[in-house]
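Accompanying notes for the structure given below.
Each reported figure results from applying straightforward, stated rules to the coordinates on display, with no laboratory input. These numbers come from a predicted model, not from an experiment. In this analysis, Cβ positions are derived from the backbone assuming ideal geometry, glycine residues included, and neighbour counts consider all displayed protein chains.
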Amino acid sequence: MSASIRQIHPVFVGEVSGADIARPLSSDVVAAIEAGMDRYAVLVFRGQELTDDRQMAFSRNFGRLEDARGGHITKPEDRRLQVGMNDVSNLGKDGRPLDRDSRERAFNLGNMLWHSDSSFRAVPAKYSLLSARVVNPVGGNTEFADMRAAYDALDPATRARIEDLVCEHSLMHSRGLLGMLDYSDEERSMFRPVRQRLVRQHPVTGRKSLYLSSHAGAIVGMPLAEARILLRDLTEHATQPRFVYVHTWRPWDLVMWDNRQTMHRVRRYDDTLPRDMRRTTVAGDAPTAEQVPAA
Ligand SMILES: [Fe+2]
C-alpha cells in the first residue's frame, strides 16, 4: 500500500488517499504521512472507520499521546471517553447533548475561538487528530489557518518587532473572553499561565510561523492593552480567508493538523443535536520558552 497526497488549498492542506489508517501501517507509509504533515500542516483522510483504540494506535506512530489532564473542567469521573481520548463532542457522559446552561458546554464553546491545541501547556501539542463519528446536520465546520503563510506575509518591520516576543497562554484567558471568569482554586492552579514564543520555527522544515491562540492573553514585558491589541491585529492578519481552509465534515473523516504551524476553530452548529468528534493529541517534545517557576 502506498499513500498519495494531493494539495487541496492554495497554501496548505493535503488530502491523503491509499492509506487505511485503521490497520497497522508500514514505516514507509508513516514516514510519508509525517513528511506530508511537515509540508501541508493539515492532512485529510476520508472514510476511516476507526475505533478509539485504533485512533490511538494510529496517533502513536507520530509520538507519545498527550496526557489530557489539566486541559478541561470536566472531572475524571464525569468523562465519557477513556484516558487518551479528548472528548470534543457536545455530549455528556449519558451520551446526550449537554444542558444549554452547563459550565462544561460554556467551556467547550471556547473551541469556537481561533486556537492552537494545548498552547496553554508548558510543552504544547505537536499534532491533533480528529475523527468524526457523528456529524451535526447544521454547521460545525472546522476552519484551519496556516500560520507559516501568515508569517511569510508580514512586513519586515513587524517580523523584526515580534521575533523574540514571549506570550502568556492560559485557558482562563480564552474562556474569559466568553465571560467565564469564576474558577476554583484547583482550576486556577491547573490553568496557571505558561509562556510561549510568538514566533516558532519548524524543527524539520525550518519554516517560521506565528504561534497565536485565543489562550494568549499577555506578552512578557509589554503593557497589557498594547499586547492585546498586537495579538488581536496579528490574529486578524493570520486568519484572512486566503490563509484559511474550511473543512466540511463527513462521517468517518479524520483530519490531523500540526499545532505548531496552524490555528483552528469550530463554527457554530445545532447544539440540541449530537456532534460526536473524538480527538487524540500527540505531545510535543519541548517548551518553546523558559517558564517561570510556580510561586
Ligand atoms: Fe482545538
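Between E77 and R39, the FRET efficiency estimated from the beta carbon spacing at R0 = 41 angstrom works out to 0.45.
Loop only by DSSP, 16 or fewer other Cβ within 10 Å of the Cβ. Give me the GluC sites (Glu not before Pro) in the stretch 1-61 that pass, ordered by residue number.
Values: sites: E15, E34, E49; in loops: E49.
Within the stretch 1-61, the qualifying GluC sites (Glu not before Pro) (loop, at most 16 other Cβ atoms within 10 Å) are E49.
Its Cα gyration tensor gives the stretch 1-53 an equivalent ellipsoid; the semi-axes, largest first and in whole Å, are 19, 13, 9. Values of log10 I(q)/I(0) for the stretch 81-230 across q = 0.15, 0.19, 0.21 Å⁻¹ run -0.93, -1.34, -1.52, by the Debye formula with one identical scatterer at each alpha carbon and no solvent.
When the chain is fully extended, how far beyond the present Cα-Cα distance does S27 get from S4, taking 0.36 nm per residue of separation?
Numbers: separation 23, 0.36 × 23 = 8.28 nm, distance 1.48 nm.
Stretched out fully, the S27 to S4 stretch lengthens by 6.8 nm.
Give me Rg/Rg_expected for the stretch 208-269, where Rg uses Cα atoms only and Rg_expected = 2.2 N^0.38 Å with N residues.
Details: Rg = 14.4 Å, N = 62, 2.2 N^0.38 = 10.6 Å.
Taking N as the residue count of the stretch 208-269, the ratio is 1.37.
Distance between the C-alpha centres of the stretch 218-295 and the stretch 31-97: 16 Å, rounded to the whole angstrom.
Considering only S213, S116, S27, the Gaussian network model of the chain with Cα springs below 10 Å gives its largest mean-square fluctuation to S27.
Computed over the chain, the per-residue total of -39500 (n - 2.57) for DSSP H runs of n ≥ 4 gives a 222 nm mean residue ellipticity of -6500 deg cm²/dmol, rounded to 500. Each distinct pair of alpha carbons in the stretch 178-295 adds a 1/r term; the inverse of their mean, the Kirkwood radius, is 17.5 Å.
Here the ratio of the Cα radius of gyration of the stretch 105-193 to 2.2 N^0.38 Å is 1.34. The alpha-carbon atoms of the chain define a convex hull whose volume equals 128 cubic angstrom per residue.
Wrap a convex hull around the Cα atoms of the stretch 90-137, take a quarter of its surface area, and give that in square nanometres.
4.7
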